[in-house]
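What follows is a short report on a single structure.
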Amino acid sequence: MSVTIQLTLMRNLIVSLEKLPQTVLEAIQSAYPHGYDHLTFEFEHPVKEEIYTALRFATEEVNYVIKLDSREKNIDRLYDGG
């Protein structure tokens, strides 16, 4: 018995929601008709000192990390002065 395994290398992209192709936007709306807030996560961009809220979404060819929102990393607000 012979088993054939086909590996497909997928591209990984980090992209802003505004820059997504229309087909991907439509696929997201179709996959999450009631929203995707419960699927978001945060990651830090070490050079820009920003924290992004993002969503993972995969198509047949691409794994997307979609940047939804960003905020400046502000460590001063962690210190309450007391």
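FYI, it's all coordinate maths here, none of it is from the lab. The structure displayed is predicted, hence computed values, not measured ones. All Cβ positions, glycine included, derive from the backbone under ideal geometry; neighbour counts span all protein chains shown.
A few points about this structure:
- The trypsin sites (Lys or Arg not before Pro) of region 1-61 that DSSP puts in a loop, and whose beta carbon has at most 11 other beta carbons within 10 Å, are Lys48.
- Degrees between helix 22-31 axis and first principal axis of the chain (Cα, 0 to 90, nearest 10): 90
- The chain - mean residue ellipticity at 222 nm from DSSP helices (-39,500 (n - 2.57) per run, n ≥ 4, rounded to 500): -3500 deg cm²/dmol
- Range in the chain, longest, excluding exposed chymotrypsin sites (Phe, Trp or Tyr not before Pro) [loop by DSSP; at most 16 other beta-carbon atoms within 10 Å]: 37-78
- Each of the GluC sites (Glu not before Pro) that DSSP puts in a loop and that has at most 10 other Cβ atoms within 10 Å breaks the chain; the longest unbroken stretch is 1-59.
- Evaluated with a Cβ-only charge set (Lys, Arg +1; Asp, Glu -1), the chain carries a dipole of roughly 220 debye about its Cα centre, given to the nearest 20.
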